[in-house]
Each structure stands twice: as C-alpha cells, then as structure tokens.
Amino acid sequence: MLLRGYTFRLVRPECNHLSEAVSALAALSDDISAALPYLNAVLRKARYNPNGPTLAFGHEGHRVVLRPREAAVANVQDEGEARRVLDGLVELINGVWAARDRIEPSYRVVRDPGVFQVYRLLPGGNCRACGAPTCLAFAAQLLREEAELSACIPLSSPEHAAKRSQLTALLVASGRSEP
C-alpha cells in the first residue's frame, strides 16, 4: 500500500463564493510521486506534468489534480461526496501501485491546445447554433469538454471539412476522445 490516507477541507471557488459546489483539498499521508507515471499510463485522458509533478484527470464526473502530497477534487456538493471521491482515489492509486510490475509507466506529456488555437479552426461567425454566445466561448467549452464538436453546425459543411479534420486531430492529440 502506497497511500495510507488523507485529511481534507472543503473550499469555495475564489471566483464565485455563491457557488453551491465546492472543491476538496486533501493532504495525502504519503508521497505518491512514484505512482504518477503509472497512473498516467492507466488513465486515458490524464494530463501529466513531470516538472510539477502533477497529474490532472476526470474521475467520477470531477476534475482531479494529484501532486506528490496533495489531491484537489473540483465540484463536490458536500463533505460526504468529497470523502467518497477521495476514498475512490486512494483505492485507484493503491490499485495501480500494486499492479505496477504489470504496467509500463508513461512519462508522456500531453499539452492542451490554447483556446485561440481551437478558435482559429472554427468557421467563425458567432452564429450561436452551438448554444454558446461566441465561437471563442465555444472553443473554451470544447477544451473543458463541456461541448461536442458536432454542436458546431457550420463546421459539418463540406467547405469546412479541412478545418474539422484539423480540429479533430488537435483535440484527439490532446487526449480527448474522438469528437
């Protein structure tokens, strides 16, 4: 067993103190640095930064960031949900660590494209067919995986096939599933 436990506290997002959702910040009892490359190999959409080191990924509908001695879990409703998600993370980390002799560690670093890089590949026009107020807002939603590429109706036209292909390749290369 690599990770024995944690203590945590709930915090409200600084940018929105009225939000009902909170984040859980956990102090880990043990250093999990050595497990991060193994978790990176197992978690399909993880974003690994060896310089941090950090590992960011989605888990049970929450955004998670792991550091050597801490974990942050975004968008939890209460203490009970935070504890359930954190307990699941402890189980995941320990399970991967126990199986490390059968896992090839991955030091692959996935860089997120910038919002303007995605925006430049959209047709433009701010038509709002996707439900976002602007193409730039839609680009940000794509990067946060809050929108599907198919929501951009103009992008599905033959005249934008090359842009769609480039955008699809960019999103897939950044660890997102095929749009």
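The values are calculated or read from the model by the stated rules, or taken from the named source; none is laboratory data. All values reported here derive from a predicted model rather than from experimental measurement. Virtual Cβ from ideal backbone geometry, glycine too; neighbours counted across all protein chains shown.
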Check on Glu145, surrounded by 11 or more Cβ atoms within 10 Å (Cβ to Cβ) and either closer than 17 Å to Ala173 by Cβ or acidic (Asp, Glu) (or both) = yes
Cβ pairs under 6 Å, 6+ apart, first in the range 43-62 and hydroxyl-bearing (Ser, Thr, Tyr), second surrounded by 16 or more Cβ atoms within 10 Å (Cβ to Cβ) | Tyr48/Asn40; Tyr48/Leu55; Thr54/Val65; Thr54/Arg67
Select from the range 93-133 the residues that are touching a helix residue (DSSP H, G or I) at 6+ places or on another chain (Cβ under 8 Å) and among the basic types (Lys, Arg) and write down the one among them that is farthest from Arg4 (Cα to Cα).
-> Arg108
Within the range 115-134, residues closer than 19 Å to Ala169 by Cβ and touching a residue at least 12 places away in the same chain (Cβ under 8 Å) come out as Val115, Phe116, Gln117, Val118, Tyr119, Leu121, Leu122, Pro123
How do the helices (runs of 4 or more DSSP H) wholly within the range 65-178 filter down when requiring 2 or more residues that are under 29 Å from Phe8 (Cα atoms), assigned by TED's automatic domain parsing to the domain that holds Ala27 and aliphatic (A, V, I, L, M): which remain?
-> 79-98
Looking at Ala140, Ala169, Ala151, Ala147, which one is at negative phi, in contact with a Gly (Cβ under 8 Å, 6 or more places away or on another chain) and at pLDDT below 90?
-> Ala147
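Conditions tested, residue by residue: (1) surrounded by 14 or more Cβ atoms within 10 Å (Cβ to Cβ); (2) more than 23 Å from Ala99 (Cβ to Cβ).
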residue: Val11; (1), (2): no, yes
residue: Asp31; (1), (2): no, no
residue: Leu43; (1), (2): yes, no
residue: Arg63; (1), (2): yes, yes
residue: Val85; (1), (2): yes, no
